Amino acid sequence: MTDNTKTSVRLGTPLKSNAFRVLFCGSGELGKEVVIELQRFGVEVIAIDRYADAPAM
């Protein structure tokens, strides 16, 4: 049997001293989707790219 209950995973609270942080290198269109999903988990994301107006910035 499988348990179909959904649980929400929170990895931290952004902008707090105990926040779970990710430095994301390469902030293109695919990176933007990854950043959105990480933020849904409560991860503080620092995105960098060589282009100032990259999608995930």
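Magnitude of the charge dipole for region 18-57, about its Cα centre and with charges confined to Cβ atoms of Lys, Arg (+1) and Asp, Glu (-1), is about 120 debye.
One chain, two ends: PHE20 and ILE46. Fully extended at 0.36 nm per residue, the span grows by 8.3 nm beyond their Cα-Cα distance. For ALA47, the residues whose amide H sits under 5 Å from its own are PHE24, ignoring neighbours fewer than 5 places away on the same chain, with H placed 1.01 Å from N. Based on C-alpha pairs under 8 angstrom that are at least 6 apart in sequence, region 18-57 has a relative contact order of 53 percent.
Values in this text are rule-based calculations from the coordinates and carry no lab data. Quantities reported herein were computed from a predicted structural model and do not represent experimental measurements. Reconstructed Cβ throughout: ideal geometry from the backbone, glycine too, with neighbour counts over all protein chains shown.
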